[in-house]
Structures are given as structure tokens and as C-alpha cells.
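The values are calculated or read from the model by the stated rules, or taken from the named source; none is laboratory data. Quick caveat: nothing in here was measured; it's all calculated off a predicted structure. Note that each Cβ is placed from the backbone with ideal geometry, even for glycine, and that neighbours are counted across all protein chains shown.
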């Protein structure tokens with residue numbers, strides 16, 4: 001049926017198909033979504049059906065300025081995932097899908113609008129949760145087993161001395177043993193053998209260093 005403005009009207013049969021689809025989409029996707037069916041034969045007040053309340057519009061309302069530009073340009077290509085905005089400043093993601101007659105000429109369109117407000121809030125919350133303090137870079141490694149614990153402790157103690165194990169003097173090795181003892185490393189089974197190997201010395205020497213460290217600190221031997 002032809003309208004007064006010369007544009008083909010969407011038939012009642014087509015509207016009866018599209019309206020339940022629009023309603024079902026909004027009921028499925030949620031209150032942040034809106035689906036609008038425009039009938040170009042009703043321009044400028046082209047809203048034939050609307051489901052959802054993202055933009056606050058009603059059936060019988062007008063098309064947006066962007067929509068008018070699309071119709072005026074004669075384009076037949078759908079426009080997907082473009083940014084738009086409500087009157088109160090909320091950011092939307094929108095898509096316009098043309099409804100065409102048998103000759104491929106647009107008779108109307110279905111516009112889908114998604115309110116991004118809650119997603120933007122969620123993104124900001126996630127960014128805050130995932131944020132780390134710039135400039136603070138502790139050398140922390142999450143370990144899996146006892147051997148990894150010893151390795152992590154040893155790496156930390158060696159980094160404090162900052163002398164390669166093969167070049168260490170006695171005082172350096174005592175410093176390493178003291179740091180490891182303060183961490184409780186020697187409570188771990190096999191720690192003495194591990195430390196002796198890393199410091200290229202004997203178990204007996206490590207025990208001697210432990211005696212010296214604990215005598216100095218007043219800590220009892222175990």
C-alpha cells in the first residue's frame with residue numbers, strides 16, 4: 001500500500017511478524033536493549049513498533065536524524081555496531097537493518113539499541129580491580145612445591161648479596177645463610193644439602209655458618 005509521502009508501507013503481515021521478534025529479543029537480552037521497527041511509509045513519524053525503553057520513545061514517534069540521513073541517501077546496506085547517544089547522554093551501540101521489498105528497495109528498518117552504561121561501569125570496576133601500583137615491581141613468583149620454595153628463597157638471598165656464588169667469600173655465604181634462616185628455610189627437609197650445593201660448599205660448613213648466625217642472634221639451634 002502506498003503512503004502519502006510516496007514510500008511503500010510495511011504491510012500488516014510484516015509488522016505482525018516483526019513485532020513478536022522485537023519483543024522476544026528484548027525479553028531475551030534484557031532491559032538494556034531496545035528494538036524499533038520503522039515504517040518508511042509513515043515518515044517522519046515512522047516508529048511502527050518499539051520494544052524496550054532505552055531511548056524513551058513510543059510508537060508513532062519520529063526517526064532520528066541519522067536515520068533520516070540513511071533514508072535520504074538511498075543506501076540499501078545495513079549499518080551495524082555504530083555509536084549513538086540518548087538525550088540524557090547515555091552511550092549506546094546501535095545497528096540499523098533494512099526491511100526490503102521484493103525488488104530490494106527498503107520499506108523500513110529494524111533498529112537495535114544497546115545501552116552501554118552498565119557495561120562501562122563494570123569495565124571501570126574491573127580496571128580498578130586489575131590495577132597495580134606503577135613503579136612497584138617486587139620479584140614475586142608463585143611456587144608449586146617445596147623445592148620451588150627453597151629456590152625462591154635462595155634467589156632472593158643471593159640477590160641481596162649481589163655476588164655470584166662462585167666468587168663469594170665466607171662473609172657473603174654467612175649473609176646468605178642468615179637470610180635463609182630468618183625466612184625459616186632450614187625448617188624445610190633437605191634445605192642444608194640444597195644450600196650447600198648452591199654455595200659450592202659442604203653440609204658441615206653450612207651447619208657451622210648456622211651455628212654462628214644463631215649464636216649472634218641468640219636464636220637456639222634446632
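Overview of values
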quantity: Qualifying residues in segment 55-88 (those that are over 15 Å from residue 112 (Cα atoms) and loosely packed, with under 11 Cβ neighbours inside 10 Å) - the one modelled with the highest pLDDT; calculated: 77
quantity: Qualifying residues in segment 199-222 (those that are surrounded by 19 or more Cβ atoms within 10 Å (Cβ to Cβ) and under 18 Å from residue 147 (Cβ atoms)) - the one nearest to the chain's Cα centre (by Cα); calculated: 199
quantity: Qualifying residue in segment 90-98 (condition: over 32 Å from the mean Cα position of the chain (by Cα) and surrounded by 13 or more Cβ atoms within 10 Å (Cβ to Cβ)); calculated: yes
quantity: Any pair with Cβ under 7 angstrom, 6 or more apart, that starts in segment 141-169 at a residue that is under 19 Å from residue 192 (Cα atoms) and assigned by TED's automatic domain parsing to the domain that holds residue 179 and ends at one that is crowded, with 16+ Cβ neighbours inside 10 Å and modelled with pLDDT under 85; calculated: 158/165
quantity: Cβ-Cβ under 8 Å pairs, at least 6 apart or on other chains, segment 187-212 side assigned to a loop (DSSP other than H, G, I, E, B), far side surrounded by fewer than 13 Cβ atoms within 10 Å (Cβ to Cβ); calculated: 200/166
